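Participant: Questions regarding the structure given below will be posed in turn.
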Amino acid sequence: MTSPATKIRPIRDEAGADLSGAGLEPTGKPMAVEPLLEVSSVTLRYKTPGLIITATERVSFTVNSADRFVLLGPSGCGKSTLLKAVGGYLQPSEGSITIKGRKVTRPGPDRMMVFQEFDQLLPWKTVLENVTFPLANARGLSRRAAEEKARHYIEKVNLTRAIDSYPHTLSGGMKQRVAIARGMAMEPDILLMDEPFAALDALTRRTCQDELLQLWSDTRFTVLFVTHSIAEAIKIGNRILLLSPHPGRVKAEVVDVDTTSTADGSAGRLEQEIHDMLFSEEKHEE
Ligand code: ADP
Ligand code: MG
């Protein structure tokens, strides 16, 4: 058994109906408010010469304000594709995506993205300039107001000492912190994070995860976080959506993830349960 608060809800429906997330908030109680993000029965296909690749099939979930919502699944199950669709970079082949009830049709500053790659900063701009740039350009803040906000978020990711440094002088972890500060400074409706710590060494990765959680306790922002690491999903998420291997379909949703459960070993048991749910269930299908 997992810790008593944590619940895994298998999502299995022969007809492929949308059962995930529907009508539930993190507590599992009926939802009173409209969800912030609603992904409804989204199928995403890539059309390549002579081949149509289905990345995700009829994926549905809802994210509520201040959720730390994790998409978890093995490589190739369509996590990045889904995140790009939420970002507005790709259009669903079927289904729909709405933010605050508005259909997502293109990228916008209400959905800031943090990627895995360390090269997402502008190399010719300093840390301060990288964070200030979208504030002045996309948010239209005055230079002074943009810098002030940028300084605030750079301090939040503990990078004030490197504020005038250029990206090539920073470690991978520092670059990812800048990307997080840049995303958060825009104060988006939702921060989209695509395996932002996957390329970091284990110790730095842990520090970055802790910092992200600390930031969340300070400001309660909403994050949609993609990972293929079960341990990372349990650490970061209050809700975890489990996606099957290629093509990605919703397998289950883990709600009320209890991140305090590590001491008594139940996080380890939850990891095992999630692993079994992700992979072994294939046998029961068909
Ligand atoms: P994940 O992020 O979970 O590893 P992706 O979303 O990157 O998975 O990929 C899902 C599937 O879509 C994979 O089979 C991948 O090969 C395919 N895919 C991803 N991007 C493209 C693309 N631009 N063109 C064609 N196929 C793609
Ligand atoms: Mg990916």
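Participant: When the chain is fully extended, how far beyond the present Cα-Cα distance does residue 91 get from residue 231, taking 0.36 nm per residue of separation?
Facilitator: Between residue 91 and residue 231, full extension yields an extra 47.3 nm.
Participant: What are the residues whose amide H is under 5 Å from the amide H of residue 6, where those residues sit 5 or more places off or on another chain and H is modelled from the backbone?
Facilitator: 258
Participant: Okay, next question. Got a sec to turn the phi values of the stretch 168-180 into Karplus ³J(HN,Hα) couplings, 6.51 cos²θ - 1.76 cosθ + 1.60 with θ = phi - 60°, whole Hz, x for Gly and Pro?
Facilitator: 5, 8, 9, 6, x, x, 5, 4, 5, 5, 5, 4, 5
Participant: Sticking with this structure for a sec: Specify the inter-centroid distance of the stretch 93-113 and the stretch 115-180, based on alpha-carbon positions, in whole Å.
Facilitator: So the separation of the two Cα centres works out to 25 Å.
Participant: At 7 Å along the Cα-to-beta-carbon direction for both residue 54 and residue 148, put a label point, then send me their distance in nm to one decimal.
Facilitator: 5.3 nm
Participant: Ordered by residue, what ³J(HN,Hα) values in Hz, to whole numbers, does the stretch 222-234 give under the Karplus form 6.51 cos²θ - 1.76 cosθ + 1.60, where θ = phi - 60° and Gly and Pro are x?
Facilitator: 9, 10, 10, 10, 9, 8, 10, 9, 4, 4, 5, 4, 5
Participant: OK, next. What distance in nm lies between label points placed 7 Å from Cα along the C-beta direction at residue 139 and residue 34?
Facilitator: Using points 7 Å along Cα→Cβ, the separation is 2.4 nm.
Participant: Of all DSSP beta bridges located in the chain, what percent are antiparallel, nearest 5?
Facilitator: The answer is about 60 percent antiparallel.
Participant: Also, I was wondering about something else. Along Cα→Cβ, 7 Å out, is where each label goes; now give me the distance between the ones at residue 198 and residue 9 in nm to one decimal.
Facilitator: Going from the residue 198 label point to the residue 9 one covers 2.7 nm.
Participant: Taking K and R as +1 and D and E as -1, what net charge do the other residues with C-beta under 10 Å from the C-beta of residue 101 add up to?
Facilitator: For residues surrounding residue 101, the net value is +1.
Participant: Take the Cβ-Cβ distance between residue 210 and residue 169 as r, set R0 to 25 Å, and report the resulting FRET efficiency rounded to the nearest 0.05.
Facilitator: For R0 = 25 Å, the calculated efficiency reads 0.55.
Participant: Something else about it: Students often check this: by mean Cβ neighbours within 10 Å, which of 230-237, 48-55 ranks highest, and how do the rest follow?
Facilitator: Output ranking for 230-237, 48-55: 230-237, 48-55.
Participant: Can you give the convex hull volume per residue for the Cα atoms of the stretch 121-187, as a whole number of Å³?
Facilitator: 69 Å³
Participant: Any number yet on Rg/Rh for the chain, C-alpha, Kirkwood?
Facilitator: Value, to two decimals: 0.97.
Participant: Which value, in debye to the nearest 20, describes the size of the charge dipole of the chain about its Cα centre when Lys and Arg Cβ atoms bear +1, Asp and Glu Cβ atoms bear -1, and nothing else is charged?
Facilitator: Magnitude of the dipole: close to 920 debye.
Participant: Can you compute the charge dipole magnitude of the stretch 121-187 about its Cα centre, using +1 on each Lys and Arg Cβ and -1 on each Asp and Glu Cβ, nothing else charged? Give it in debye, rounded to the nearest 20.
Facilitator: Here the stretch 121-187 has a charge dipole of around 40 debye.
Participant: I need the phi-derived Karplus couplings for the stretch 85-99: 6.51 cos²θ - 1.76 cosθ + 1.60, θ = phi - 60°, integer Hz, Gly and Pro marked x.
Facilitator: 5, 5, x, x, 7, 10, 9, x, 6, 9, x, 8, 10, 10, 10
Participant: Further question: When the helix-only estimate is applied to the chain (DSSP H runs of n ≥ 4, each -39,500 (n - 2.57), divided by the residue count), what is the mean residue ellipticity at 222 nm, nearest 500 deg cm²/dmol?
Facilitator: -9500 deg cm²/dmol
Participant: Can I ask one more? Run the reach check for residue 79 against lysines, Cα to Cα strictly under 29 Å, same-chain hits fewer than 8 apart removed. What comes back?
Facilitator: Cα-Cα hits under 29 Å: 7, 29, 47, 100, 103, 156, 175, 235, 251, 283.
Participant: Considering the options 225, 109, 212, tell which one lies farthest towards the positive end of the dipole of the chain, charges being +1 on Lys and Arg and -1 on Asp and Glu at the Cβ, about the Cα centre.
Facilitator: Of the candidates, 109 comes out farthest on the positive side.
Values in this text are rule-based calculations from the coordinates and carry no lab data. Being a predicted model, the structure only gives us computed values, none of them experimental. A quick note on method: Cβ atoms are made from the backbone with ideal geometry, for glycine too, and the neighbour counts reach across all protein chains shown.
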